[in-house]
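Okay, structure first, notes after.
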Amino acid sequence: MTEPAITNIRASITGEGAGERSRILIEATGTFRYSLTALSPTSGSIHISGAVLGAPEEDIAVDDGLISRLAIRRVGPEEAVVDIQLELPAPVEASTEPGLPFGLAVTFPRPAAYRWLAGKYILIDPGHGGRDTGGRGPINLLEKNLTLKIARQVHQYLLGYGANSTLTRASDGNVPGVRRFGPVALGRMELVLLVHLGVEKKGTRGVRTVFRTQGAHDLAAAVNSRLVRKTGFPNRGVVGDSSLPPALRRALKFRGPVPVIEIEPACISDQLDEGWLRSPVFIEKVALATVNGLRDFYAACEGKRASS
Amino acid sequence: MSYACIPIRTHLVRPGEDIAGVVERYVGRIAEPGDVVAISESVVAIAQGRAIPYLNVRPGLAARLLSRLPNKEGSMGTPQAMQLAINEAGLPRVLLGVAAAGLGRLIGRRGVFFLVAGRDLAQIDDIAGTLPPYDDCITLGPKDPAAVARQIKERVGIDTAIVDANDIGKVDVLGLSGGITVRELEELLAPNPAGNDDQKTPIVLLRPRREGSGND
């Protein structure tokens, strides 16, 4: 029988709705002792003893909107420390999972970290649809299908965090501008999120976010920053462009100012970006990063209001 | 026999690395008699230098035409991946596979292309099919996986399987030194304990569950 060894550490999101949690799982070939220490409201560590560190010492970027980073390192022959960096204070729970592998699960509830999104009225427009295919990639993926996948995932996350999210289309089809953007004129929309993909010259790839109305720069920057971090893609930047679909322009005239931003998380014209767009895991990452960017923006707004 | 599946996190394996050395480093000191390691085929292929940047592949006319046929979600949707398949199997075999796949489609059978053109082509991972920094590569299947499994067994003393598993429950055992049956491996790895995202756990240690040992 060999001494227990830590074989794996990973972070994931588990549960749904009010039960959603960020979870760190540390696995080993046998039981070990542990203690949790809070170093500040947003950082802490897990001290592990009675197991050798079999996994590599490593810094792990998590960026799930609550856990920012993890680092695991050896501090003695049978001792290791896991440093945890959170973005926001959150209560912690730890539990062990007996069996093989033996697991230590450290979890943090997520809904409170998204409270700024609760009750927000957000309109998501997956670009193109029907005969309007949008951009076409080198292997013929169509922008209209990919924007829909991304938008649906963003919509699901927003609903889960209590936002009043509306999709302008939930399937493929030509949706007239008036129907797409009617909710802006009629409803209480606080944000319009246009989802597109870049179509650029050869060799250009990566993330770009466009602010299409005055005052939406900070919102676009918050989302862009999250997208770049989560995807690891090149940054094409945050740019201003006031051109809007005519129906949206008319709706805004009627309704008054509403921030409008457009995300382009990848370039469909680039073969590598198009390759990533085939992956459901990538679509999930893009959606989570987008929602985290929106959360960051609204949290910052509340912070500014509170300080003034 | 029943087994526990223990995912093993490793460093990022680089081209030219000795894969038996990687297994020795992460599993050597924790292995027990009866253990088996299952290693992801793509990490073996990367160590063998079979991850090829797509920009280094010049697809010919045949590859450009044939790459239009498969499902775009599959592993041979790009002209570059198709070109590498042609390089591996030869154009006649690929053409035969395409013809057979066409007939298979008529009768609603999938996977016929690989049955005819070669099972090894199914291991090709297209652009973005592998973790960064290999996402700009097309990763071929490992060369001689059965021999790799035997070499690891000889060097580290643990029975070894080279496997291709994914999140839809499909498991291909490409090489096996012994110690476990292919059927058992297929059942154990169907939930894909190594994960298909960026888990960095290319090795799964399979340990027989022993009654009363507490490992159940």
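Points worth noting:
- The set of residues in region B:33-63 that are of a type in the set (Gly, Ala, Ser) and either within 14 Å of another protein chain (Cβ to nearest Cβ) or in contact with a strand residue (DSSP E or B) (Cβ under 8 Å, 6 or more places away or on another chain) (or both) comprises B:GLY34, B:ALA38, B:SER40, B:SER42, B:ALA45, B:ALA51, B:ALA63.
- A residue that is surrounded by fewer than 17 Cβ atoms within 10 Å (Cβ to Cβ), among the hydrophobic types (A, V, I, L, M, F, W, C), modelled with pLDDT of 95 or more and out of contact with any Lys or Arg (no Cβ under 6 Å at 6 or more places or on another chain) cannot be found anywhere in region A:187-194.
- Selection from region B:130-157 of residues that are surrounded by fewer than 22 Cβ atoms within 10 Å (Cβ to Cβ) and part of a loop (DSSP other than H, G, I, E, B): B:THR130, B:LEU131, B:PRO132, B:PRO133, B:ASP135, B:ASP136, B:LYS143, B:ASP144, B:GLY157
- The residue that is farthest from A:THR31 (Cα to Cα), among those in region A:99-113 that are surrounded by fewer than 16 Cβ atoms within 10 Å (Cβ to Cβ) and at pLDDT below 95, is A:ALA112.
- Subset of region B:1-17 (residues that are crowded, with 17+ Cβ neighbours inside 10 Å and more than 10 Å from chain A (Cβ to nearest Cβ)): B:VAL13
For every residue, the table says whether it meets (1) crowded, with 18+ Cβ neighbours inside 10 Å; (2) on the phi < 0 side of the Ramachandran plot.
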{"site": "A:ILE26", "(1), (2)": "yes, yes"}
{"site": "A:PHE32", "(1), (2)": "yes, yes"}
{"site": "A:SER43", "(1), (2)": "no, yes"}
{"site": "A:VAL52", "(1), (2)": "yes, yes"}
{"site": "A:ILE60", "(1), (2)": "yes, yes"}
{"site": "A:ASP63", "(1), (2)": "yes, no"}
{"site": "A:SER68", "(1), (2)": "no, yes"}
{"site": "A:ILE72", "(1), (2)": "yes, yes"}
{"site": "A:PRO91", "(1), (2)": "no, yes"}
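- Residues of region B:64-84 satisfying the condition of being among the hydroxyl-bearing types (Ser, Thr, Tyr) and more than 9 Å from chain A (Cβ to nearest Cβ): B:SER75
- Single match in B:VAL116, B:VAL171, B:VAL98, B:VAL163 (criterion: within 30 Å of A:THR231 (Cα to Cα), away from chain A (no Cβ under 11 Å) and at pLDDT below 95): B:VAL171
- Restricted to region A:85-174, the set of strands (runs of 3 or more DSSP E) holding at least 2 residues that are within 19 Å of A:LEU227 (Cα to Cα) and in contact with a helix residue (DSSP H, G or I) (Cβ under 7 Å, 6 or more places away or on another chain) comprises A:121-126.
- Hits in region A:175-186 (condition: surrounded by fewer than 15 Cβ atoms within 10 Å (Cβ to Cβ) and either free of Cβ contacts under 8 Å to residues at least 60 places away in the same chain or outside any loop (DSSP other than H, G, I, E, B) (or both)): A:VAL178, A:ARG179, A:LEU186
- The set of residues in region B:180-201 being surrounded by 16 or more Cβ atoms within 10 Å (Cβ to Cβ) and either at pLDDT 95 or above or part of a helix (DSSP H, G or I) (or both) consists of B:ILE180, B:GLU184, B:LEU185, B:GLU186, B:LEU188, B:LEU189.
- Region A:1-24, subset outside any strand (DSSP E or B) and over 18 Å from B:ILE6 (Cβ atoms), residue farthest from the other protein chains (Cβ to nearest Cβ): A:ALA18
- Checking A:THR96, A:THR107 one by one, the residue that is in contact (Cβ under 8 Å) with a residue 60 or more places away in the chain and touching a Lys or Arg at 6+ places or on another chain (Cβ under 9 Å) is A:THR107 and no other.
- Region A:246-304: number of residues that are within 17 Å of the chain's Cα centre (by Cα), in contact (Cβ under 8 Å) with a residue 40 or more places away in the chain and outside any helix (DSSP H, G or I): 6
- Residue match in region B:101-111 (condition: within 11 Å of chain A (Cβ to nearest Cβ), in a loop (DSSP other than H, G, I, E, B), over 25 Å from B:ILE46 (Cα atoms) and free of Cβ contacts under 8 Å to residues at least 40 places away in the same chain): no
- Checklist (1) away from chain A (no Cβ under 14 Å); (2) under 25 Å from B:GLU184 (Cα atoms); (3) part of a helix (DSSP H, G or I); (4) out of contact with any Lys or Arg (no Cβ under 9 Å at 6 or more places or on another chain) applied to B:ALA20, failing item: (4)
Conditions tested, residue by residue: (1) without any contact (Cβ under 8 Å) to a residue 24 or more places away in the chain; (2) in a strand (DSSP E or B); (3) hydroxyl-bearing (Ser, Thr, Tyr).
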{"site": "A:ILE26", "(1), (2), (3)": "no, yes, no"}
{"site": "A:LEU36", "(1), (2), (3)": "no, yes, no"}
{"site": "A:ILE48", "(1), (2), (3)": "no, yes, no"}
{"site": "A:PRO56", "(1), (2), (3)": "yes, no, no"}
{"site": "A:ASP59", "(1), (2), (3)": "yes, yes, no"}
{"site": "A:GLY65", "(1), (2), (3)": "no, no, no"}
{"site": "A:ILE72", "(1), (2), (3)": "no, yes, no"}
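- Residues satisfying the stated conditions in region B:134-163, i.e. closer than 15 Å to B:ALA45 by Cβ and either free of Cβ contacts under 8 Å to residues at least 12 places away in the same chain or of a type in the set (Asp, Glu) (or both): B:ASP135, B:ASP144
- Candidate set: region B:37-67, residues that are of a type outside the set (A, V, I, L, M, F, W, C) and in a helix (DSSP H, G or I); chosen: the one surrounded by the most Cβ atoms within 10 Å (Cβ to Cβ): B:GLU41
The values are calculated or read from the model by the stated rules, or taken from the named source; none is laboratory data. Just so it is clear, the structure is predicted and the values come from calculations on it, not from any experiment. Every residue, glycine among them, receives a Cβ derived from its backbone with ideal geometry; neighbour counts consider all protein chains shown.
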